[in-house]
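One structure is given below, encoded as structure tokens.
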Amino acid sequence: MASSLAATAPDSTVSCTAKRLAPFVGPYGVRQAWPVAPQLPGLQGLSLPDLGVLLSDAGQVMDGYTHRLHVNLDTRSAYVVQQGGIAGTQTVFGPLPVASCATAAP
């Protein structure tokens, strides 16, 4: 199942989705009303700190959040994993739609 996540998704789909979602996340959390998922599909029980595409990090905020994007092309869905805060919590946001970017003509 993990093979269909961001690591194997076409770079253009992942980077386009990352560009679309990055403005809504930052060290203080998510600035958008997104659905919350109980867990990241396909990666239950795995440690998530280094998986996915980094959208934002905690920066200089001591109790800030880090956000990583996971894209599942099979279901055309994206998930954002938020980790950090005072208690070191983890929240999975999604499913979110995968972005469609126009490809440049040669």
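What follows is calculated from the coordinates using simple rules that are stated; it is not laboratory data. This structure is a prediction, so every number in the text was calculated from the model and none was measured. In this analysis, Cβ positions are derived from the backbone assuming ideal geometry, glycine residues included, and neighbour counts consider all displayed protein chains.
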Report task. Determine the gain in length on full extension of the stretch residue 11-residue 62; use 0.36 nm per residue of separation and subtract their C-alpha separation, reporting nm with one decimal. Result -> 15.2 nm
Requested in this report: Can you tell me the FRET efficiency between residue 19 and residue 73 if r is taken as the Cβ-Cβ distance and R0 is 22 Å, rounded to the nearest 0.05?
Outcome: 0.80
Report task. Note the full-extension length gain between residue 28 and residue 87 as 0.36 nm times their separation in residues minus their Cα-Cα distance, in nm to one decimal. Result -> 19.9 nm
Query raised in the report: By per-residue mean of other Cβ atoms within 10 Å, what is the highest-first order of 84-91, 66-73, 18-25?
Result: 66-73, 18-25, 84-91
